[in-house]
Amino acid sequence: MKIKNIYSPNFNQRKRSYKSIKLLIIHYTGMQSERESLIRLCNPKSKVSSHFLINQKGKVYRLIQDNQIAWHAGISSWAKYKNLNRNSIGIELVNKGHSFGYTNFKKKQISSLIKICKKLVKKYKIKKKNVVGHSDVAPLRKIDPGEKFPWKDLASKKIGIWHNCKTELLTKYRRVKVSQKFKPKFINNLKKIGYNFNSNKKADLKKTIKAFQRHYRKELINGVIDKECLIIAKSILKKLKNS
Ligand SMILES: [Zn+2]
């Protein structure tokens, strides 16, 4: 696969060891155009960047080398990792995003992404549970790459994780209320998956549940724990244990 190198200055002075790379974080650009996104990601004033950018035709740009710390995740955490720029590789996908007209990701774009992810996962031995979206690691601030991102397709190529539940079962349990006593268990399962949640605020919990839904239950993102959510979380944990 051809990769075009374009220089972005938005990375830490100090290099990192390859061993410190533990996560892949997927983003969308959320801007009007590819051109605008490239300019922003390479502008020293913007102070944002990512290691890779993939356009809608599947063309791949490398902006930052893997052993440099790019500025893509911001305040973030996942499982035991915090401030994830240090430990992650950031991949931006060109998409206007929720503010400017969110569209499906293009086939060629996803197929390039899968190729890159496969290489990176192999090279840095990245665990399935550590292939995540920006919204997963910063649920209170971010919603990218959003509910149109095809996590299931990636998982079918062994990138990231997906559940085992049958569609009929899921639709049956969608919106089915769960009693109060199951909620702490579900929140605990979210933590085991990797979501970090240390707040007592109801609004923060709701956002974290939404991040989970955006990733694993895109049909309904309402921040409410229903029976479908419980089943999905359980199934994911089971898969993680066996992976
Ligand atoms: Zn992002």
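Select from region 202-215 the residues that are of a type in the set (A, V, I, L, M) and surrounded by fewer than 18 Cβ atoms within 10 Å (Cβ to Cβ) and list them in ascending order.
Hit for region 202-215 is Ala203, nothing else.
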Where residues in region 17-59 are among the hydroxyl-bearing types (Ser, Thr, Tyr) and over 20 Å from the mean Cα position of the chain (by Cα), which of them is farthest from Ala70 (Cα to Cα)? Ser33
Could you list all residues from region 157-201 that are exposed (fewer than 13 other Cβ atoms within 10 Å of the Cβ) and touching a helix residue (DSSP H, G or I) at 6+ places or on another chain (Cβ under 6 Å)? Asn164, Val176
Which ones in region 49-71 are in contact (Cβ under 8 Å) with a residue 60 or more places away in the chain and in a loop (DSSP other than H, G, I, E, B)? Trp71
Pairs with Cβ under 7 Å, 6+ apart, first in region 173-202 and at positive phi, second part of a loop (DSSP other than H, G, I, E, B) and surrounded by 12 or more Cβ atoms within 10 Å (Cβ to Cβ): Gly194/Ala79
Exactly one of Lys201, Lys207, Lys191 is more than 15 Å from Lys238 (Cα to Cα) and modelled with pLDDT of 95 or more, and that one is Lys207
Residue, farthest from Ile236 (Cα to Cα), within region 118-144, restricted to residues that are away from the ligand (no atom under 16 Å from the Cβ) and hydrophobic (A, V, I, L, M, F, W, C): Leu120
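Checking the conditions here, which among Lys238, Lys152, Lys157, Lys227 is more than 30 Å from Lys122 (Cβ to Cβ) and of a type outside the set (Ser, Thr, Tyr)?
Lys227
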Can you tell me which residue in region 71-99 is surrounded by the most Cβ atoms within 10 Å (Cβ to Cβ), limited to those that are farther than 29 Å from Lys57 by Cα and not polar (S, T, N, Q)? Trp78
Scan of region 1-48 for residues that are assigned to a helix (DSSP H, G or I), among the polar types (S, T, N, Q) and more than 16 Å from the ligand (Cβ to nearest atom), ordered by number: Ser20
Would you mind stating whether Phe182 is aromatic (Phe, Trp, Tyr) and under 29 Å from Asp66 (Cα atoms)? no
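Out of Lys96, Lys115, Lys82, I need the residue that is under 13 Å from Pro145 (Cα atoms) and among the basic types (Lys, Arg). Which one?
Sole residue among the options that is under 13 Å from Pro145 (Cα atoms) and among the basic types (Lys, Arg): Lys96.
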Among the candidates Leu113, Leu140, Leu120, residue that is within 26 Å of Leu220 (Cβ to Cβ), among the hydrophobic types (A, V, I, L, M, F, W, C), in a helix (DSSP H, G or I) and modelled with pLDDT of 95 or more: Leu113
Count, please, the residues in region 72-105 that happen to be within 15 Å of the ligand (Cβ to nearest atom), touching a helix residue (DSSP H, G or I) at 6+ places or on another chain (Cβ under 7 Å) and of a type in the set (S, T, N, Q). 2
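The values are calculated or read from the model by the stated rules, or taken from the named source; none is laboratory data. No experiment lies behind these values; they were computed from the predicted model shown. So basically every Cβ, Gly included, is an ideal-geometry build from the backbone, and we count neighbours across all protein chains shown.
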